[in-house]
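Structure first, then comments.
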Amino acid sequence: MKCFLKMLLTASAGWLAMNVAMFLTFRLIGFGMNADGVLLDPRWQSPKLIAVWTTQEPLPLVITQPSCIIGGLFVFAFLHAVVYRSQSPHWPIGVVPRALRLAGLTFGIGYAFWEFFTPFNQLGEPLPLIMLELLFWASMALAESFAIATVAE
């Protein structure tokens, strides 16, 4: 029971850090508080991607039912905490090297793949915006991973 509670605490820290990083990057800079961010600017963004986020029904759940997505992000944070717990004994000792390894895993396996397969492949997003989003995802991966490593250690 103690181990499970520690996992919940670890996942909660990662989840909170991930959500703060997402708000500061994707919400404030990317999409803007009023859909006026750089990722929705028609001068740079593909019309297809703009339509998916603003007019094409059904709109993304993160817009119509954000609690569903926020809850789902907790599941991912919990899974990342499980990966950390199972793999960190094989990594160098210390919060920084372990957090960087977890961030590399989550970024490379999850976020970079997502950007390649969906915005780039399916939605025609321009490469400079893909690169910006990869920076956003990297900040989320780092924030979550450092929170997880700090609490776990």
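Comparing T54, L39, T118 along the charge dipole axis of the chain, the residue lying farthest to the positive side is T118, per the Cβ-charge model.
Packing around the peptides 131-140, 3-12, taken as the average count of other Cβ atoms within 10 Å per residue, puts them in this order, highest first: 131-140, 3-12.
Sorting the segments 89-96, 39-46, 14-21 by their mean number of nearby beta carbons within 10 angstrom, highest to lowest, gives 14-21, 39-46, 89-96. Given +1 at the Cβ of Lys and Arg, -1 at the Cβ of Asp and Glu and no other charges, the dipole of the stretch 1-147 around its Cα centre is 620 debye to the nearest 20.
Excluding N19 itself, calculate the net charge of residues whose Cβ lies under 12 Å from the Cβ of N19, where each Lys or Arg counts +1 and each Asp or Glu counts -1.
Within the 12 Å Cβ shell, the charges total 0.
Measure nothing but the geometry: give the 0 to 90° angle between the long axis through the Cα atoms of 127-152 and the longest principal axis through the Cα atoms of the chain, rounded to 10°. Rounded to the nearest ten degrees, it is 20. Placing +1 on the Cβ of each Lys and Arg and -1 on the Cβ of each Asp and Glu in the chain, which of M7, P128, I63 has its Cα farthest towards the positive end of the resulting dipole? About the Cα centre, the residue reaching furthest to the positive side is M7. Per-atom-type breakdown for the chain gives carbon and sulfur 74% of the accessible area (1.4 Å probe, protein chains only). For semi-axes √(5λ) of the Cα gyration tensor in Å, one of (1) 36, 16, 13; (2) 31, 17, 12; (3) 39, 15, 14 was computed from the structure I shared and the rest are decoys. Which label? This structure yields the entry labelled (2). Classification of the stretch 22-90 by its C-alpha gyration tensor yields a prolate form. The axis ratio a/c (a ≥ b ≥ c) is 1.5 or more, and a/b outweighs b/c. Angle of helix 66-87 to the longest C-alpha principal axis of the chain, folded into 0 to 90 degrees and rounded to 10: 40°. Surface exposure of the stretch 31-141, expressed per residue as accessible area with a 1.4 Å probe, stands at 58 Å².
The values are calculated or read from the model by the stated rules, or taken from the named source; none is laboratory data. As the structure is a prediction and not an experimental result, all values here were calculated from the model. Heads up, the Cβs are rebuilt from the backbone with ideal geometry, glycines too, and the neighbour counts pull from every protein chain shown. When the accessible area is computed, the model is the full protein with side chains, heavy atoms only, and any ligands, DNA or RNA have been set aside. Shrake-Rupley method; radii C 1.70, N 1.55, O 1.52, S 1.80 Å.
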